[in-house]
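Some notes on the structure that comes next.
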Amino acid sequence: MAAETTRAAAEALDRADPLARERDRFVVADDDLIYLDGNSLGRLPVRAAAAVERMVHDGWGRDLIGGWVRWLTYPEEVGDRLGAAFLGAAPGQVVVGDSTTVNLYKLASAALDARPDRRALVVPAGEFPTDRYVLEGLAAPRGLDVRLVPAGADVVDALDADVAVLCLSMVDYRSGAVVDVAAITAAARHVGATVVWDLSHAVGAVPIELDRWGVELATGCSYKFLNGGPGAPAWLYVRSDVQHLRSPIWGWFGQREQFAMGPAYDPEPGIRRWLAGTPTVIALAAVDAAVADLAEIGIEALRAKGTALTTYAIDLADARLAGHGVTVATPRLPHRRGAHVALAHPAARELSRRLIDEHGVVPDFREPDLLRLGLAPAYTRFTDVWDGIDALAVLLAGGAAAP
(Lines give C-alpha, C1' and ligand atoms only; values in the text may rest on other atoms or scores of the structure.)
Protein backbone atom coordinates (compact mmCIF):
# COMPACT_ATOMS: atom_id res chain seq x y z
CA MET A 1 0.00 0.00 0.00
CA ALA A 2 1.27 3.47 -0.84
CA ALA A 3 2.65 5.41 2.09
CA GLU A 4 0.00 8.15 1.86
CA THR A 5 -2.80 5.63 2.52
CA THR A 6 -1.32 4.22 5.73
CA ARG A 7 -2.69 5.09 9.15
CA ALA A 8 0.71 6.49 10.06
CA ALA A 9 0.21 9.07 7.30
CA ALA A 10 -3.17 9.99 8.80
CA GLU A 11 -1.56 10.39 12.22
CA ALA A 12 1.01 12.72 10.69
CA LEU A 13 -1.77 14.82 9.15
CA ASP A 14 -3.40 15.10 12.57
CA ARG A 15 -0.14 16.24 14.16
CA ALA A 16 0.20 18.95 11.51
CA ASP A 17 -3.44 20.01 11.67
CA PRO A 18 -3.78 23.64 12.91
CA LEU A 19 -7.29 22.86 14.15
CA ALA A 20 -6.36 19.70 16.06
CA ARG A 21 -6.86 21.37 19.44
CA GLU A 22 -10.35 22.57 18.52
CA ARG A 23 -11.65 19.04 19.16
CA ASP A 24 -11.27 19.84 22.87
CA ARG A 25 -14.16 22.28 22.53
CA PHE A 26 -16.55 19.32 22.15
CA VAL A 27 -17.88 16.57 24.37
CA VAL A 28 -16.36 13.28 23.22
CA ALA A 29 -17.93 10.69 25.48
CA ASP A 30 -16.35 7.72 23.67
CA ASP A 31 -13.04 8.39 21.98
CA ASP A 32 -13.19 4.98 20.30
CA LEU A 33 -16.38 5.88 18.43
CA ILE A 34 -15.66 7.10 14.90
CA TYR A 35 -18.32 9.76 14.39
CA LEU A 36 -18.77 10.62 10.72
CA ASP A 37 -22.31 11.99 10.88
CA GLY A 38 -21.76 15.63 11.77
CA ASN A 39 -23.67 16.60 8.64
CA SER A 40 -26.82 15.28 10.38
CA LEU A 41 -26.15 16.17 14.02
CA GLY A 42 -23.08 18.00 15.25
CA ARG A 43 -21.29 17.09 18.46
CA LEU A 44 -22.14 18.87 21.71
CA PRO A 45 -19.89 21.89 22.33
CA VAL A 46 -18.65 22.10 25.92
CA ARG A 47 -19.54 25.80 25.87
CA ALA A 48 -23.11 25.05 24.76
CA ALA A 49 -23.60 22.56 27.59
CA ALA A 50 -22.42 25.17 30.09
CA ALA A 51 -24.62 27.86 28.51
CA VAL A 52 -27.72 25.67 28.74
CA GLU A 53 -26.95 24.84 32.37
CA ARG A 54 -26.61 28.55 33.18
CA MET A 55 -29.83 29.36 31.37
CA VAL A 56 -31.70 26.62 33.21
CA HIS A 57 -30.37 27.31 36.70
CA ASP A 58 -29.79 31.06 36.62
CA GLY A 59 -32.10 32.29 33.90
CA TRP A 60 -35.13 30.09 34.41
CA GLY A 61 -34.46 28.94 37.98
CA ARG A 62 -33.43 32.25 39.54
CA ASP A 63 -34.81 34.99 37.33
CA LEU A 64 -38.10 33.33 36.37
CA ILE A 65 -40.27 35.71 34.36
CA GLY A 66 -37.83 38.54 35.01
CA GLY A 67 -35.54 36.93 32.47
CA TRP A 68 -37.78 38.13 29.65
CA VAL A 69 -36.25 41.58 30.02
CA ARG A 70 -33.24 40.05 28.24
CA TRP A 71 -34.89 37.26 26.28
CA LEU A 72 -37.37 39.31 24.24
CA THR A 73 -34.67 40.34 21.79
CA TYR A 74 -32.63 37.15 22.01
CA PRO A 75 -33.71 35.77 18.58
CA GLU A 76 -32.42 38.90 16.83
CA GLU A 77 -29.22 39.10 18.88
CA VAL A 78 -28.27 35.50 18.13
CA GLY A 79 -29.31 36.07 14.53
CA ASP A 80 -26.99 39.04 14.18
CA ARG A 81 -24.08 37.06 15.60
CA LEU A 82 -24.80 34.12 13.32
CA GLY A 83 -25.21 36.43 10.34
CA ALA A 84 -21.92 38.20 10.94
CA ALA A 85 -19.89 35.03 11.52
CA PHE A 86 -21.32 32.65 8.91
CA LEU A 87 -23.83 34.26 6.56
CA GLY A 88 -22.21 37.46 5.37
CA ALA A 89 -25.26 39.33 6.62
CA ALA A 90 -25.36 42.85 8.04
CA PRO A 91 -27.27 43.34 11.32
CA GLY A 92 -31.04 43.33 11.34
CA GLN A 93 -31.54 40.64 8.67
CA VAL A 94 -31.38 37.31 10.56
CA VAL A 95 -33.53 35.87 13.34
CA VAL A 96 -33.24 32.47 15.01
CA GLY A 97 -36.43 30.56 15.68
CA ASP A 98 -38.89 27.90 14.53
CA SER A 99 -37.77 25.02 12.29
CA THR A 100 -36.36 25.04 8.78
CA THR A 101 -39.66 23.68 7.50
CA VAL A 102 -41.69 26.44 9.15
CA ASN A 103 -39.25 29.08 7.94
CA LEU A 104 -39.36 27.75 4.39
CA TYR A 105 -43.13 27.98 4.54
CA LYS A 106 -42.97 31.57 5.76
CA LEU A 107 -40.50 32.71 3.12
CA ALA A 108 -41.95 30.85 0.15
CA SER A 109 -45.51 31.86 1.02
CA ALA A 110 -44.54 35.52 1.34
CA ALA A 111 -42.69 35.38 -1.97
CA LEU A 112 -45.74 33.81 -3.66
CA ASP A 113 -48.08 36.41 -2.21
CA ALA A 114 -45.82 39.12 -3.64
CA ARG A 115 -46.29 37.69 -7.18
CA PRO A 116 -49.94 36.65 -7.48
CA ASP A 117 -49.70 36.95 -11.28
CA ARG A 118 -47.30 34.01 -11.54
CA ARG A 119 -48.38 30.38 -11.67
CA ALA A 120 -45.30 28.22 -11.13
CA LEU A 121 -42.79 27.15 -8.50
CA VAL A 122 -39.51 25.38 -9.26
CA VAL A 123 -37.67 22.85 -7.09
CA PRO A 124 -35.22 20.05 -7.97
CA ALA A 125 -36.82 16.61 -7.90
CA GLY A 126 -33.97 15.45 -5.65
CA GLU A 127 -34.18 18.41 -3.25
CA PHE A 128 -34.47 17.70 0.47
CA PRO A 129 -37.98 16.33 1.08
CA THR A 130 -39.23 19.08 3.39
CA ASP A 131 -38.45 21.69 0.72
CA ARG A 132 -40.47 19.81 -1.88
CA TYR A 133 -43.32 19.11 0.52
CA VAL A 134 -43.59 22.74 1.56
CA LEU A 135 -43.74 23.97 -2.02
CA GLU A 136 -46.26 21.32 -3.01
CA GLY A 137 -48.36 22.20 0.03
CA LEU A 138 -48.32 25.88 -0.92
CA ALA A 139 -49.08 25.19 -4.57
CA ALA A 140 -52.05 22.85 -4.07
CA PRO A 141 -54.61 25.29 -2.57
CA ARG A 142 -53.47 28.06 -4.93
CA GLY A 143 -53.77 25.90 -8.03
CA LEU A 144 -50.12 26.52 -8.94
CA ASP A 145 -47.77 24.29 -10.90
CA VAL A 146 -44.70 22.75 -9.25
CA ARG A 147 -41.91 22.17 -11.74
CA LEU A 148 -39.66 19.35 -10.56
CA VAL A 149 -36.25 19.69 -12.16
CA PRO A 150 -34.77 16.25 -13.02
CA ALA A 151 -31.40 15.19 -11.66
CA GLY A 152 -28.57 16.52 -13.79
CA ALA A 153 -30.67 19.27 -15.36
CA ASP A 154 -29.91 22.95 -14.81
CA VAL A 155 -32.51 24.68 -12.61
CA VAL A 156 -31.93 27.91 -14.50
CA ASP A 157 -33.40 26.30 -17.62
CA ALA A 158 -36.71 25.86 -15.74
CA LEU A 159 -37.02 29.59 -15.04
CA ASP A 160 -39.26 31.83 -17.10
CA ALA A 161 -41.70 34.73 -16.68
CA ASP A 162 -44.32 32.45 -15.07
CA VAL A 163 -42.10 31.34 -12.16
CA ALA A 164 -42.68 33.04 -8.82
CA VAL A 165 -40.38 30.99 -6.56
CA LEU A 166 -37.37 28.72 -6.90
CA CYS A 167 -36.38 26.72 -3.82
CA LEU A 168 -32.87 25.30 -3.79
CA SER A 169 -30.10 24.13 -1.46
CA MET A 170 -26.61 25.58 -1.71
CA VAL A 171 -25.14 22.19 -0.74
CA ASP A 172 -27.01 19.11 -1.92
CA TYR A 173 -27.94 16.94 1.05
CA ARG A 174 -27.14 13.73 -0.80
CA SER A 175 -24.05 14.35 -2.92
CA GLY A 176 -22.54 17.35 -1.13
CA ALA A 177 -22.41 19.29 -4.41
CA VAL A 178 -22.23 23.09 -4.11
CA VAL A 179 -24.06 25.38 -6.53
CA ASP A 180 -23.25 28.96 -7.50
CA VAL A 181 -25.62 30.97 -5.31
CA ALA A 182 -24.80 34.36 -6.83
CA ALA A 183 -25.22 33.18 -10.42
CA ILE A 184 -28.51 31.36 -9.82
CA THR A 185 -29.89 34.27 -7.78
CA ALA A 186 -29.03 36.65 -10.62
CA ALA A 187 -30.64 34.35 -13.21
CA ALA A 188 -33.83 34.15 -11.16
CA ARG A 189 -33.92 37.91 -10.70
CA HIS A 190 -33.53 38.34 -14.46
CA VAL A 191 -36.92 36.66 -15.02
CA GLY A 192 -38.52 38.24 -11.96
CA ALA A 193 -38.48 35.11 -9.76
CA THR A 194 -37.40 34.89 -6.12
CA VAL A 195 -35.05 32.20 -4.78
CA VAL A 196 -35.64 30.80 -1.31
CA TRP A 197 -32.29 29.31 -0.38
CA ASP A 198 -31.91 26.36 1.99
CA LEU A 199 -28.46 26.57 3.55
CA SER A 200 -28.82 23.74 6.06
CA HIS A 201 -25.84 21.73 4.75
CA ALA A 202 -23.78 24.82 3.99
CA VAL A 203 -23.82 27.07 7.05
CA GLY A 204 -20.76 26.47 9.19
CA ALA A 205 -19.11 24.37 6.49
CA VAL A 206 -18.60 26.70 3.52
CA PRO A 207 -18.22 30.49 3.27
CA ILE A 208 -21.52 32.28 2.62
CA GLU A 209 -21.97 35.93 1.56
CA LEU A 210 -25.70 36.55 1.39
CA ASP A 211 -25.52 40.35 1.19
CA ARG A 212 -22.82 40.36 -1.46
CA TRP A 213 -24.49 37.62 -3.52
CA GLY A 214 -27.77 39.53 -3.73
CA VAL A 215 -29.80 36.87 -1.91
CA GLU A 216 -33.24 37.99 -0.73
CA LEU A 217 -34.54 35.04 1.29
CA ALA A 218 -32.73 32.15 2.98
CA THR A 219 -33.10 29.73 5.86
CA GLY A 220 -31.30 26.78 7.38
CA CYS A 221 -30.98 24.62 10.45
CA SER A 222 -28.48 25.07 13.27
CA TYR A 223 -27.93 21.47 14.39
CA LYS A 224 -25.63 20.18 11.66
CA PHE A 225 -22.27 21.91 11.19
CA LEU A 226 -23.27 24.69 13.62
CA ASN A 227 -23.64 22.12 16.45
CA GLY A 228 -26.68 23.78 18.01
CA GLY A 229 -28.20 20.52 19.28
CA PRO A 230 -30.95 18.09 18.20
CA GLY A 231 -34.02 20.01 17.06
CA ALA A 232 -32.30 23.34 17.67
CA PRO A 233 -34.15 26.40 16.36
CA ALA A 234 -33.46 27.24 12.75
CA TRP A 235 -32.76 30.72 11.37
CA LEU A 236 -34.03 32.81 8.52
CA TYR A 237 -32.59 35.71 6.53
CA VAL A 238 -34.65 38.43 4.89
CA ARG A 239 -32.70 41.14 3.11
CA SER A 240 -33.44 44.57 4.51
CA ASP A 241 -35.04 45.95 1.36
CA VAL A 242 -37.63 43.16 1.13
CA GLN A 243 -38.62 43.07 4.79
CA HIS A 244 -41.92 44.71 3.84
CA LEU A 245 -43.06 41.24 2.78
CA ARG A 246 -45.50 39.80 5.28
CA SER A 247 -45.06 36.46 6.96
CA PRO A 248 -48.10 34.19 6.58
CA ILE A 249 -47.88 33.22 10.26
CA TRP A 250 -49.09 36.13 12.34
CA GLY A 251 -47.86 35.72 15.89
CA TRP A 252 -47.50 38.01 18.85
CA PHE A 253 -43.69 38.08 18.68
CA GLY A 254 -43.95 39.66 15.23
CA GLN A 255 -46.45 42.28 16.41
CA ARG A 256 -45.60 45.93 16.81
CA GLU A 257 -46.30 47.09 20.39
CA GLN A 258 -46.38 43.44 21.40
CA PHE A 259 -47.66 43.95 24.93
CA ALA A 260 -50.39 46.39 23.97
CA MET A 261 -52.36 43.23 23.12
CA GLY A 262 -54.16 45.11 20.36
CA PRO A 263 -57.16 43.72 18.46
CA ALA A 264 -55.51 43.82 15.01
CA TYR A 265 -52.24 42.46 13.69
CA ASP A 266 -49.75 45.21 12.92
CA PRO A 267 -46.36 43.61 12.14
CA GLU A 268 -43.01 45.01 13.16
CA PRO A 269 -41.33 46.95 10.34
CA GLY A 270 -38.08 44.96 10.34
CA ILE A 271 -36.77 41.42 10.69
CA ARG A 272 -38.75 40.87 13.88
CA ARG A 273 -41.99 40.57 11.86
CA TRP A 274 -40.75 37.10 10.82
CA LEU A 275 -41.02 35.83 14.37
CA ALA A 276 -44.25 34.14 15.40
CA GLY A 277 -44.61 32.45 18.77
CA THR A 278 -42.57 32.62 21.94
CA PRO A 279 -38.91 31.70 21.26
CA THR A 280 -37.27 28.63 22.76
CA VAL A 281 -34.89 30.44 25.07
CA ILE A 282 -32.98 27.45 26.43
CA ALA A 283 -32.36 26.11 22.93
CA LEU A 284 -31.31 29.59 21.79
CA ALA A 285 -28.64 29.59 24.49
CA ALA A 286 -27.14 26.42 23.00
CA VAL A 287 -27.14 27.87 19.48
CA ASP A 288 -25.62 31.13 20.70
CA ALA A 289 -22.76 29.34 22.44
CA ALA A 290 -22.16 26.95 19.54
CA VAL A 291 -21.99 29.83 17.05
CA ALA A 292 -19.57 31.71 19.33
CA ASP A 293 -17.33 28.65 19.50
CA LEU A 294 -17.11 28.25 15.73
CA ALA A 295 -16.78 31.98 15.16
CA GLU A 296 -13.55 31.92 17.18
CA ILE A 297 -12.19 29.30 14.79
CA GLY A 298 -13.42 31.19 11.73
CA ILE A 299 -15.16 29.99 8.58
CA GLU A 300 -12.03 30.21 6.41
CA ALA A 301 -10.13 27.87 8.71
CA LEU A 302 -13.13 25.54 8.92
CA ARG A 303 -13.45 25.53 5.15
CA ALA A 304 -9.75 24.76 4.67
CA LYS A 305 -9.93 21.83 7.09
CA GLY A 306 -13.18 20.57 5.59
CA THR A 307 -11.66 20.63 2.11
CA ALA A 308 -8.59 18.76 3.34
CA LEU A 309 -10.73 16.10 5.05
CA THR A 310 -13.00 15.52 2.05
CA THR A 311 -10.04 15.39 -0.32
CA TYR A 312 -8.37 12.84 1.92
CA ALA A 313 -11.56 10.76 2.12
CA ILE A 314 -11.92 10.74 -1.66
CA ASP A 315 -8.26 9.77 -2.13
CA LEU A 316 -8.66 6.89 0.33
CA ALA A 317 -11.89 5.78 -1.33
CA ASP A 318 -10.17 5.69 -4.71
CA ALA A 319 -7.25 3.72 -3.33
CA ARG A 320 -9.06 1.26 -1.08
CA LEU A 321 -12.72 1.04 -2.09
CA ALA A 322 -12.96 1.44 -5.85
CA GLY A 323 -11.96 -2.17 -6.40
CA HIS A 324 -14.98 -3.25 -4.33
CA GLY A 325 -17.56 -1.46 -6.44
CA VAL A 326 -17.64 1.82 -4.50
CA THR A 327 -17.86 5.03 -6.50
CA VAL A 328 -17.48 8.59 -5.26
CA ALA A 329 -20.76 10.48 -5.80
CA THR A 330 -19.40 13.80 -4.56
CA PRO A 331 -17.80 16.37 -6.90
CA ARG A 332 -14.04 16.02 -7.01
CA LEU A 333 -13.30 19.73 -7.43
CA PRO A 334 -12.90 21.09 -3.87
CA HIS A 335 -14.88 24.28 -4.50
CA ARG A 336 -17.77 22.21 -5.83
CA ARG A 337 -18.38 20.25 -2.64
CA GLY A 338 -19.34 20.90 0.98
CA ALA A 339 -18.03 19.03 4.03
CA HIS A 340 -19.44 15.58 3.42
CA VAL A 341 -18.53 12.83 0.97
CA ALA A 342 -21.08 10.48 -0.58
CA LEU A 343 -20.00 6.96 -1.53
CA ALA A 344 -22.28 4.90 -3.78
CA HIS A 345 -22.61 1.12 -3.42
CA PRO A 346 -25.58 -1.22 -3.99
CA ALA A 347 -25.34 -2.49 -0.40
CA ALA A 348 -24.95 0.93 1.22
CA ARG A 349 -27.81 0.41 3.68
CA GLU A 350 -26.40 -2.86 5.02
CA LEU A 351 -22.86 -1.48 5.04
CA SER A 352 -24.02 1.48 7.12
CA ARG A 353 -25.68 -0.81 9.66
CA ARG A 354 -22.63 -3.07 9.92
CA LEU A 355 -20.22 -0.16 10.26
CA ILE A 356 -22.19 0.99 13.30
CA ASP A 357 -22.84 -2.42 14.84
CA GLU A 358 -19.53 -4.14 14.16
CA HIS A 359 -16.92 -1.38 13.89
CA GLY A 360 -18.14 1.57 15.96
CA VAL A 361 -18.17 3.80 12.88
CA VAL A 362 -21.19 6.09 12.51
CA PRO A 363 -21.83 7.17 8.91
CA ASP A 364 -25.17 8.06 7.32
CA PHE A 365 -27.28 6.25 4.71
CA ARG A 366 -29.46 7.86 2.06
CA GLU A 367 -31.68 6.06 -0.43
CA PRO A 368 -31.11 4.30 -2.63
CA ASP A 369 -27.38 3.56 -2.43
CA LEU A 370 -25.45 6.36 -0.74
CA LEU A 371 -23.21 6.15 2.30
CA ARG A 372 -22.52 9.69 3.52
CA LEU A 373 -19.43 10.59 5.54
CA GLY A 374 -19.99 13.89 7.35
CA LEU A 375 -16.57 15.36 8.11
CA ALA A 376 -17.28 18.26 10.45
CA PRO A 377 -13.96 20.14 10.41
CA ALA A 378 -14.00 21.43 13.99
CA TYR A 379 -13.65 17.99 15.56
CA THR A 380 -13.10 15.32 12.88
CA ARG A 381 -9.57 13.91 12.69
CA PHE A 382 -7.77 12.53 9.68
CA THR A 383 -7.40 9.28 11.61
CA ASP A 384 -11.21 9.20 11.97
CA VAL A 385 -11.46 9.32 8.19
CA TRP A 386 -8.82 6.62 7.82
CA ASP A 387 -10.46 4.35 10.41
CA GLY A 388 -13.87 4.77 8.79
CA ILE A 389 -12.60 3.97 5.30
CA ASP A 390 -10.54 1.08 6.64
CA ALA A 391 -13.56 -0.45 8.38
CA LEU A 392 -15.54 -0.13 5.17
CA ALA A 393 -12.73 -1.77 3.22
CA VAL A 394 -12.65 -4.66 5.69
CA LEU A 395 -16.40 -5.19 5.34
CA LEU A 396 -16.22 -5.10 1.55
CA ALA A 397 -13.29 -7.48 1.43
CA GLY A 398 -15.27 -9.94 3.52
CA GLY A 399 -18.31 -9.67 1.30
CA ALA A 400 -21.10 -7.22 1.99
CA ALA A 401 -24.67 -8.40 2.27
CA ALA A 402 -26.92 -8.08 -0.74
CA PRO A 403 -28.79 -4.76 -1.00
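Using Cα pairs under 8 angstrom and six or more residues apart, how large is the relative contact order of the chain, in percent?
23 percent
Considering amide H positions built from the backbone, and no H for Pro or chain starts, which residues 5 or more places from A339, or on another chain, come under 5 Å of its amide H?
none
Which whole-number percentage describes the relative contact order of segment 101-200, with Cα contacts under 8 Å and a sequence gap of 6 or more?
On the way: 158 pairs, mean separation 31.3, N = 100.
The normalised contact order for segment 101-200 reaches 31 percent.
How do the peptides 379-386, 238-245 rank, highest first, by the average count of neighbouring beta carbon atoms within 10 Å per residue? Intermediate results must be reported in sequence, preceding the final value.
On the way: 379-386: 22.8, 238-245: 16.8.
Averaged packing, sorted descending, gives the order 379-386, 238-245.
To the nearest Å, what is the center-to-center distance of segment 309-328 and segment 1-68, using C-alpha atoms only?
26 Å
Could you do me a favour and compute the accessible area per residue for segment 1-98, 1.4 Å probe, result in Å²?
For segment 1-98, the solvent-accessible area averages 53 Å² per residue.
I want to check the label-to-label distance for A322 and A125. Put each point 7 Å from Cα in the C-beta direction and report it in nm to one decimal.
3.0 nm
Output the Cα-based Rg and Dmax of segment 32-166 in Å, rounding Rg to one decimal and Dmax to a whole number.
20.2, 58
Lys/Arg Cβ at +1, Asp/Glu Cβ at -1, dipole of segment 201-334 taken about the Cα centre: which of A317, V206, V287 is farthest positive-ward?
A317
In debye to the nearest 20, how big a dipole does the chain give about its Cα centre with +1 on each Lys and Arg Cβ and -1 on each Asp and Glu Cβ?
That gives the chain a dipole magnitude of about 400 debye.
Just subtract the alpha-carbon distance of E53 and A182 from 0.36 nm times their residue separation and send over the number in nm, one decimal.
Computed gain between E53 and A182 is 42.4 nm.
For the chain, give the share of DSSP beta bridges that are antiparallel, in percent and rounded to the nearest 5; count only bridges with both residues there.
Antiparallel bridges: around 50 percent, rounded to the nearest 5.
Using Cα pairs under 8 angstrom and six or more residues apart, how large is the relative contact order of segment 200-314, in percent?
On the way: 136 pairs, mean separation 33.6, N = 115.
Taking the mean separation of contacting Cα pairs over the length of segment 200-314, I get 29 percent.
Select from P75, I34, A8 the residue farthest towards the positive end of the dipole of segment 8-133; place +1 on Cβ of Lys and Arg, -1 on Cβ of Asp and Glu, and compute about the Cα centre.
The one lying farthest along the dipole's positive direction is P75.
To the nearest 20 Debye, how big is the dipole of segment 248-314 about its Cα centre, given +1 on the beta carbon of each Lys and Arg and -1 on that of each Asp and Glu?
180 debye
Scanning the chain for helices, which whole DSSP H stretches are 18 Å or more long along the axis (Cα) and average 1.6 or more by Kyte-Doolittle?
The answer, listed by residue number, is 281-297.
What is the antiparallel percent of DSSP beta bridges lying wholly in segment 114-219, to the nearest 5?
5 percent
So who's got an amide H within less than 5 Å of the one on F26, skipping anything under 5 residues away but keeping other chains? H placed 1.01 Å off N, in plane.
Amide H neighbours of F26, under 5 Å, 5+ apart: V46.
Could you derive backbone 3J(HN,Hα) for segment 162-179 from the dihedral phi with the Karplus parameters 6.51, -1.76 and 1.60 (θ = phi - 60°), listing whole Hz in sequence and x where the residue is Gly or Pro?
Karplus values, whole Hz, x for Gly and Pro: 9, 8, 8, 9, 10, 10, 7, 8, 6, 10, 5, 5, 8, 8, x, 5, 9, 9.
Around F128, which amide H atoms from residues at least 5 apart in sequence, or from another chain, sit under 5 Å from its own amide H, with H modelled in the peptide plane?
Y173
Percent of accessible area on the chain owned by carbon and sulfur, 1.4 Å probe?
After summing per-atom areas, the C and S share lands at 57 percent.
I want to verify a result. In a Gaussian network model of the chain, Cα cutoff 10 Å, which of these has the top mean-square fluctuation: G204, G251, G325?
Ranking G204, G251, G325 by mean-square fluctuation puts G325 first.
Points 7 angstrom from Cα along the Cβ direction at F259 and R21: gap in nanometres?
4.5 nm
Among Y265, Y237, Y105, which one shows the highest mean-square fluctuation when the chain is modelled as a Gaussian network with alpha-carbon springs under 10 Å?
Checking each option, the largest mean-square fluctuation is seen for Y265.
Can you find, among H57, P124, L396, the residue sitting farthest towards the positive end of the charge dipole of the chain, where Lys and Arg contribute +1 and Asp and Glu -1 at Cβ?
Selected residue: P124.
I'm checking a number: the convex hull volume of the Cα atoms of the chain, normalised per residue, in Å³. What is it? Kindly include the intermediate steps, with their values, before the conclusion.
Working: hull volume 56.2 nm³, N = 403.
It is 140 Å³ per residue.
Most mobile of L199, L87, L64 per a Gaussian network model of the chain (Cα springs, under 10 Å)?
L64
The values are calculated or read from the model by the stated rules, or taken from the named source; none is laboratory data. Nothing here was measured: the structure is a model prediction, and the numbers come from that model. When we count neighbours, we look across all protein chains shown, and the Cβ atoms used for this are built from the backbone with ideal geometry, even at glycine. Each accessible area value is taken on the protein alone, full model and side chains, heavy atoms only, with ligands, DNA and RNA left out. Shrake-Rupley method; radii C 1.70, N 1.55, O 1.52, S 1.80 Å.
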